[in-house]
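A short reminder: the numbers here are calculations on the coordinates, not readings from a lab. Quantities reported herein were computed from a predicted structural model and do not represent experimental measurements. Cβ placement follows ideal geometry from the backbone for every residue including glycine, while neighbour counts extend to all protein chains displayed.
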Amino acid sequence: MKNGHEVVQEIQYVPSAAGAAGVEVMPIAELRRRMHSHGGAQGAREAEGAGRAQRPDFHLLLTVEQGLLWHMVDFADYAVTDGTWLWVRPGQVQRFGDLSGATGTVVLFQPDFLDPVTAADVRLDDPFGRTLWQIAGQDALALRRALDHLAHEYGTTAMPAPTRSAILQRLLAVLLLRLTHVISPVGTLLGEHTETFRRLRAAVEADFTRARDVGHYARALGYSPRTLTRAAHAAAGVGAKEFIDRRVVLEAKRLLAHGDEPVVSIGARLGFLDASNFVKYFIQRTGATPATFRSRYRPARVAR
């Protein structure tokens with residue numbers, strides 16, 4: 001707690017002694033046990049009820065086989081139940097619900113564990129990548145088999161570490177490729193614009209605190225604004241301007257909900273020279289003032 005409010009917890013990837021470099025597979029019950037043992041009394045409280053907000057520097061893929069758990073990812077609450085898959089990416093803010101209400105599997109992996117081709121295919125570094133999948137039928141069976149194979153090989157340690165790591169990398173690739181191509185297979189239109197969108201996405205991630213107009217990115221990347229808009233629509237379902245604005249608003253929400261900076265400082269960090277312009281921008285895109293949003297997601301608590 002800081003100034004009576006919850007502060008986001010930065011979580012770094014630390015593999016277990018039995019883990020392979022870069023990936024880890026465990027039952028939800030094991031994750032709950034670790035929250036107990038690593039956090040002491042506080043960890044026990046978090047494992048039994050709502051946990052604290054966290055920002056991991058690794059990917060977290062979770063699926064539930066039986067039961068229900070609630071999980072918050074970047075201010076959206078997701079019901080994760082039978083046949084559901086949830087993916088939290090590095091930099092996203094998450095909060096675990098009660099882990100005792102469900103059984104399932106958790107896969108943790110570092111951003112550089114996959115090969116570059118697969119990473120690009122599954123849009124590994126997309127800050128707006130899909131979070132939740134509800135899978136049924138033959139797709140669910142195929143995913144279950146892919147996960148079981150990954151878990152089995154993860155539990156097989158009697159082989160040289162490089163060989164085991166290579167096997168796990170390929171099996172994780174199979175799992176993610178199956179998952180990401182169940183709901184949103186790459187169509188012709190998306191294929192035509194994939195590289196353009198990837199370049200736009202990378203440029204926005206680098207410059208969104210300095211530039212919010214499509215023209216800036218068009219000049220920097222050598223495309224017309226119309227081309228960037230078509231690429232964004234094909235890949236993300238929104239125009240280039242909306243894509244840029246969503247990234248700015250997401251960062252503003254993260255800073256407001258999980259930090260103590262004044263609104264004027266947050267606005268300046270995001271490239272607004274005038275605090276009133278930042279407030280107007282935020283209201284237009286969220287329907288609330290920054291102060292209202294902060295109070296909604298950061299109720300005052302008694303410092304412990």
Would you mind listing how long region 188-297 runs along its three principal axes, going by Cα atoms, in whole Å with the largest first? 44, 24, 20
How much net charge surrounds H181 when only the other residues with a Cβ under 12 Å from the Cβ of H181 are counted, with Lys and Arg +1 and Asp and Glu -1? +1
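Order by neighbour count: F75, F208, fewest other Cβ atoms within 10 Å first, most last.
Ranked by crowding around the Cβ, least crowded first: F75, F208.
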Express in nm, to one decimal, how much length is gained between S295 and T227 on full extension, taking 0.36 nm for each residue of separation and deducting their alpha carbon distance. 20.5 nm
Once you order the gyration tensor axes a ≥ b ≥ c over the Cα atoms, which shape class does region 9-183 get: rounded for a/c under 1.5, otherwise prolate or oblate by comparing a/b with b/c? rounded
Please compute the net charge surrounding D115, taking Lys and Arg as +1 and Asp and Glu as -1 over other residues with Cβ under 13 Å from its Cβ. -1
So for the pair A161, W70, with labels modelled 7 Å out along Cα→Cβ, what separation do we get in nm? 4.2 nm
Going by how many other beta carbons lie within 10 Å of each one, how would you line up V204, V264, V182, fewest first? V264, V182, V204
Within the set of other residues whose C-beta is less than 10 Å from the C-beta of Y13, count the net charge using Lys and Arg as +1 and Asp and Glu as -1. -2
Ordered by fewest other Cβ atoms within 10 Å, a rough proxy for footprinting exposure, W133, W85, W70 read W70, W133, W85
Fully extended, how many nm does the chain gain between Q110 and R210 (0.36 nm per residue separation, minus their Cα-Cα distance)? 33.2 nm
